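S.K.: Encoded as structure tokens, here's the structure I'll be asking about.
Only the coordinates and a few stated rules stand behind these numbers; no lab work does. Since the structure is predicted, the reported quantities are computational estimates derived from the model, not experimental observations. Every residue, glycine among them, receives a Cβ derived from its backbone with ideal geometry; neighbour counts consider all protein chains shown.
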């Protein structure tokens, strides 16, 4: 493990206040999800449907993307393709320059985080304003989102009150959630009024109708996509689905898995700029479709399942590692179990492959995933990729995590355990010393007593008690 | 499946080296039900440690030795959901496209986790000779999620008439063992184990049982390090201890 990751883990585990905040918040989300799916059979059916819809979309992704582009274009939405983050950022900047926009208001978008869009634009003199309350809070704090659907979940009311006091000394101090929200609302209304351009993410892009579906609870997504004259939507190419009638089951899975809601407060269906005779809505709508490594993931029949993700965050809410560490310790845009399979594939195993090790493979993530991504299986696959074993692949950094000493230890281990005679010799030796091999010393014993080896192995006891060794 | 005449017992390396009594009690339970228990002396380890560390070639080498050790069509009973999951769920993946794929699939189809075998095949009706006892149960993640047999351990404990089971808070959560995870990520593992230990201690039960010695080793070690906690036993030990006269 790199020292950076170890340091972040130590920081996270040492922060009692944040740990309490996230445990409380995530436990709440776990309960809400559970009560949103009271019928287990119905949930099983829905997950199967969700998986099938997403798997189908990925199976014919190139065709669906062409269909999406055709129908969006026919509706008046301008489609831009970006192979890299740099290209996507340039696209956004180009649009802003054409409209002489000095400020961009933003709805919640994890893809924009992946792009590093805020930093990119701010370096070029554009003011960026996050309008999702959680995103605004982390922006004011100079942080990154802690959780993909609840960016400021690690902060309690007092944290937020202090942050507002520091950033807006003119406002009266309050620790009341409603008053804080009202203050933020006032500040943001001003921004909405003056903005020329707004940017949002997309939850699903429907190929057959050229519609961008966007769900949210605060109304800021609707403001960003309707109040300014230009709306820019950014999303990954995997977010496309074939048909409009596939949307309801996916939205049902998404909102219930994420927050336990049957439906979000706002469901935006964006299919064109303002039409003639309409009184409001943007004059221009742009859709930026980002690849950034997704085509490569798509090409692998097993790892492709990563792209089924609908970004509900349920895997993190149920993850015992995320629950203890929180999102920042991962050091990536997408944290938690989905991040631990996605980020190594996007950035390379050489850079963040160690994240695949940060899991006990307990399976909680796979159990709740609404589109049944076999996350533990993919973590295992990426560990094999890191060691350079398993099927040939194009995963960047394949084999980079293979360390000579470790490889030697496993080779020796296999040499011993593949031979009953050598295994018996080893266990006999261990039994005589009654001391466990050094692999358990060190890290293990810092928080646990060393296990005691038995003086007689089961092999021996079975023989002594007369259990047969006769195989037919 | 109806009751077979004979079963193989796959003891697992952890039980072999650290908790042989758990394996012995399980074998005695099976034998008492009129089943011939075969313990192949050729068995070693299912290969899971290497498999979960990404060293698939090494895991396959060790797994192949188990294919040799358990031939024929006799059911294989495993006193660990984690190792049973390796044999049943992961062997077919590990050997996909390999010359031994059909042998791996065959073995996978004969594997039973111990509690699963005791309930679903034998419909065990243990006569509880013990005095009233409160216990708490830790289901391993493999039992709960990979094999879906967590209810069966509870069922078995309920069948012991004098045993009352108290569920700890956050029962569904991992204890932090995770095999090599406990060594590779000791800080996270320790944080998980500490929370689990607190939740288990809060039940006030004097005994913790489970069906996986990996979790039990982790928790027992944590209790011992903290200087307090319940006694720890494999479920097979509790079943044997309460149903036979010395």
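S.K.: Decide, for segment B:107-239, between rounded, prolate and oblate: order the square roots of the alpha carbon gyration tensor eigenvalues as a ≥ b ≥ c, take rounded if a/c falls under 1.5, and otherwise choose prolate if a/b is larger than b/c, else oblate.
M.R.: oblate
S.K.: So, one more: Specify whether the C-alpha gyration tensor of segment A:301-351 places it in the rounded, prolate or oblate class, a ≥ b ≥ c being the square roots of the eigenvalues: rounded for a/c under 1.5, otherwise prolate if a/b is larger than b/c and oblate if not.
M.R.: Oblate, because a/c is 1.5 or more while a/b does not exceed b/c.
S.K.: Please report A:4, A:170, A:385 as a ranked list, fewest other C-beta atoms within 10 angstrom at the top and most at the bottom.
M.R.: Ascending Cβ contact count within 10 Å gives the list A:170, A:4, A:385.
S.K.: With 10 angstrom as the radius, rank B:16, B:128 by how many other C-beta atoms surround their C-beta, starting from the fewest.
M.R.: In increasing order of surrounding Cβ atoms, one gets B:128, B:16.
S.K.: For helix A:3-14, report the angle its Cα long axis makes with the longest principal axis of the Cα atoms of chain A; keep it between 0 and 90° and round to the nearest 10°.
M.R.: For A:3-14 against chain A, the angle is about 80 degrees.
S.K.: Need one number: convex hull volume per residue for segment B:144-219, Cα atoms only, in Å³.
M.R.: Per-residue hull volume (Cα only) is 89 Å³.
S.K.: Using packing as a proxy for protection, rank B:187-196, A:387-396 so that the peptide with the highest average count of other Cβ atoms within 10 Å comes first.
M.R.: The most tightly packed comes first, giving B:187-196, A:387-396.
S.K.: Step by step: find N for segment A:163-245, compute 2.2 N^0.38 Å, then divide the Cα radius of gyration by it. What's the final number?
M.R.: Ratio of Rg to 2.2 N^0.38 Å for segment A:163-245: 1.42.
S.K.: How crowded by other chains is A:17-29, given as the mean number of beta carbons from other chains within 10 Å of each beta carbon?
M.R.: 0
S.K.: While we're on this one: With springs only between Cα atoms under 10 Å, which of B:20, B:132, B:49 fluctuates most in a Gaussian network model of chain B?
M.R.: B:132
S.K.: Determine the calculated [θ] at 222 nm for chain B from helices alone, applying -39500 (n - 2.57) to every DSSP H run no shorter than 4 residues and normalising by the residue count; nearest 500 deg cm²/dmol.
M.R.: After summing the helix terms and dividing by the residues of chain B, the value is -12500 deg cm²/dmol.
S.K.: Continuing with this model, one more query. Return the FRET efficiency for the residue pair residue B:198, residue A:433: r is the Cβ-Cβ distance, R0 is 35 Å, and the value is rounded to the nearest 0.05.
M.R.: Efficiency for this residue pair is about 0.55.
S.K.: Whole number please: convex hull volume per residue, Cα atoms of segment A:136-284, in Å³.
M.R.: Taking the convex hull of the Cα positions in segment A:136-284, it is 135 Å³ per residue.
S.K.: How big, on average over all directions, is the shadow cast by the Cα convex hull of segment A:358-472, in nm²?
M.R.: Projected area, direction-averaged: 12.0 nm².
S.K.: If every alpha-carbon in segment B:1-134 counts as one equal scatterer, what log10 I(q)/I(0) does Debye give at q = 0.09 1/Å?
M.R.: At q = 0.09 Å⁻¹ the computed log10 ratios are -0.27.
S.K.: To the nearest 0.05, how large is the calculated FRET efficiency for residue A:39 and residue A:421 if R₀ is 45 Å and r is the Cβ-Cβ distance?
M.R.: 0.25
S.K.: Mind ranking A:63-73, B:217-227 by how tightly packed they are, going by the mean number of other C-beta atoms within 10 angstrom, highest first?
M.R.: B:217-227, A:63-73
S.K.: How would you order A:134-143, A:261-270 from highest to lowest mean count of nearby Cβ atoms within 10 Å?
M.R.: A:134-143, A:261-270
S.K.: Could you check the simple spin-label distance between residue A:32 and residue A:267, using points 7 Å along Cα→Cβ, in nm with one decimal?
M.R.: 1.8 nm
S.K.: Just need the relative contact order of chain A here, percent rounded to a whole number, with Cα pairs under 8 Å and 6+ apart.
M.R.: About 18 percent, as a whole number.
S.K.: Please compute the Cα-Cα pair-distance distribution of segment A:195-241 with 5 Å bins starting at 0, giving whole percents from short to long.
M.R.: P(r) for segment A:195-241, in whole percents per bin: 5, 23, 28, 23, 16, 5, 0.
S.K.: Okay, moving on. Determine the shielding of peptide A:311-320 by partner chains: average, over its residues, the number of Cβ atoms on other chains within 10 angstrom of each Cβ.
M.R.: 2
S.K.: Something else about it: How far is helix A:177-194 tilted off the main Cα axis of chain A, in degrees rounded to 10, range 0 to 90?
M.R.: Approximately 50 degrees, to the nearest ten.
S.K.: In terms of the Cα gyration tensor, with a ≥ b ≥ c the square roots of its eigenvalues, is chain A rounded because a/c is under 1.5, prolate because a/b exceeds b/c, or oblate?
M.R.: prolate
S.K.: Helix A:375-386: angle to the longest alpha-carbon principal axis of chain A, degrees 0 to 90, nearest 10?
M.R.: Around 70 degrees separate the two axes.
S.K.: Report D for chain B in µm² per second (integer): Stokes-Einstein, Kirkwood Rh on Cα pairs, 25 °C, 0.890 mPa s.
M.R.: 134 µm²/s
S.K.: Here is a further query. Could you give the length gained by full extension between residue A:179 and residue A:196, i.e. 0.36 nm per residue of separation minus their alpha carbon distance, to one decimal place?
M.R.: Computed gain between residue A:179 and residue A:196 is 3.3 nm.
S.K.: Per DSSP helix of 4 or more residues, -39500 (n - 2.57); summed, then divided by the residues of chain A. What does that give at 222 nm, rounded to the nearest 500?
M.R.: -15000 deg cm²/dmol
S.K.: Sticking with this one: Using only atoms on other chains, find how many Cβ atoms lie within 10 Å of each Cβ of peptide A:378-391 and report the average.
M.R.: Taking all residues of A:378-391 together, the mean is 4.
S.K.: For the pair residue A:17 and residue B:31, what calculated FRET efficiency results from E = 1/(1 + (r/R0)^6), where r is the Cβ-Cβ distance and R0 = 51 Å, to the nearest 0.05?
M.R.: Efficiency for this residue pair is about 0.40.
S.K.: In what sequence do A:272, B:2 fall when counting other Cβ within 10 Å, fewest first?
M.R.: Ascending number of Cβ neighbours within 10 Å: B:2, A:272.
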